[in-house]
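Quick notes on the structure that follows.
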Amino acid sequence: MARPPVESATSRVQRLLTMVPWLVSRQGIEIEEAAAGLGISQTQLRADLDLLFLCGAGPMPDELIEASYEGGRVFVENAETIERPLRLTVDEAIALIVGLRSLAATGAGETDAVERALGKLEAATGAVPGADRVLVAPEESARDGAVLATLREALTGRRRVHLGYHVPSRDERTERDVDPMRLAHVEGHWYLEGWCHRARDVRLFRVDRIEAARLLEEPAEPPEGVTARDLSAGAYQAGAGDVPVLLRLGPAAHWVAEYYPVTHRETKGEDLLVTLPTSHEGLVRRLVLGLGGAAEVLEPQGLRESVARHAAGALAGYTR
């Protein structure tokens, strides 16, 4: 006999948070009617009520919820804290406004739903000092939003796009035609995945590095058999020749951890220790030299020595 699926703790907590104010406003409701109204079985309702005995604002007896269903009727008392609607603090309200405005500016997500939620939140927090002055820097987000809109149009219409793309590994802008396959949101960034005619392979393009996107008349027709990558483990796809480089990044170089695909990071005082896999050790050497004392190669030893030699050679040129 198949066993019933196990309910997750998150699902049960959500139901309890909804159940308590519902029952408080219907004191003395018959248990059969309550179970039907909540859409659960009487057995589940009794189990939930038994659990409420252990819940409350604190550990003391007078701080715990009192739930009773003796005589076939349900009574819930000492639940005023959960009964009242949740209220946002000033910091929480402003953080939500900033997040929603950023989402609206980039054009990501369901735009109508974002605008409705933002409108309600702004109306509710109109009296919050400073809330009306919270702005999102428009330059980059507006560009990303326009790029996303173009890419969505290309996907919907199955059309090829021409991209002006910044390649950080070579610090150069490239021009390429791409047959879009999908847009994916991974690790806080939007990516376009598609067949790149320049590379003759599937490529992942980070949207905030697309400097321009233009629809072409040609249809998007990726070669037969081409499939999307598995991005469940992240956007970075390790290569067979990649070397893991351990870097120490001072505060002035923390941006490297956001711009490059690091696979590990940890905080050490004011510094970040990150692992940057690369097949171009020369790129990392130039990066570290350009950052001066704000960055340091810790491993591998060969690259660390190479950076030191190039730094010493550059310094010697100034003393001649």
Of all residues making up the range 259-293, the number that are small (Gly, Ala, Ser) and touching a Leu at 6+ places or on another chain (Cβ under 7 Å)
0
The lone exception for GLY72 - which of (1) surrounded by fewer than 18 Cβ atoms within 10 Å (Cβ to Cβ); (2) at pLDDT below 80 it fails
(2)
Residues of the range 266-286 being surrounded by 15 or more Cβ atoms within 10 Å (Cβ to Cβ), closer than 11 Å to LEU249 by Cβ and either of a type in the set (Ser, Thr, Tyr) or out of contact with any Gly (no Cβ under 9 Å at 6 or more places or on another chain) (or both), which ones?
LEU273, VAL274, LEU276
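Every residue, every condition in (1) buried (at least 17 other Cβ atoms within 10 Å of the Cβ); (2) at pLDDT 80 or above; (3) not in a helix (DSSP H, G or I), yes or no:
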{"residue": "ALA35", "(1), (2), (3)": "yes, yes, no"}
{"residue": "ILE40", "(1), (2), (3)": "no, yes, yes"}
{"residue": "THR43", "(1), (2), (3)": "no, yes, no"}
{"residue": "ARG46", "(1), (2), (3)": "no, yes, no"}
{"residue": "LEU51", "(1), (2), (3)": "no, yes, no"}
{"residue": "PRO59", "(1), (2), (3)": "no, no, yes"}
{"residue": "ALA67", "(1), (2), (3)": "yes, yes, yes"}
{"residue": "VAL76", "(1), (2), (3)": "yes, yes, yes"}
{"residue": "ILE82", "(1), (2), (3)": "yes, no, no"}
Hey, does the range 191-202 have a residue that's surrounded by fewer than 17 Cβ atoms within 10 Å (Cβ to Cβ), touching a helix residue (DSSP H, G or I) at 6+ places or on another chain (Cβ under 9 Å) and part of a loop (DSSP other than H, G, I, E, B)?
no
Considering the range 227-278 alone, what residues qualify as being over 23 Å from the mean Cα position of the chain (by Cα), modelled with pLDDT under 70 and not hydrophobic (A, V, I, L, M, F, W, C)?
GLY239, GLY241
Considering only residues that are in a strand (DSSP E or B) and out of contact with any Asp or Glu (no Cβ under 6 Å at 6 or more places or on another chain), which ones fall in the range 203-213?
ARG203, PHE205, ARG206, ILE210, GLU211, ALA212, ALA213
Among the residues that make up the range 264-285, is at least one of them closer than 21 Å to ARG209 by Cβ, of a type in the set (D, E, K, R) and not assigned by TED's automatic domain parsing to the domain that holds ARG209?
yes
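The values are calculated or read from the model by the stated rules, or taken from the named source; none is laboratory data. This one's a predicted model, so the numbers in the text were calculated from it and none came from an experiment. Note that we place each Cβ from the backbone using ideal geometry, even for glycine, and neighbour counts take in every protein chain shown.
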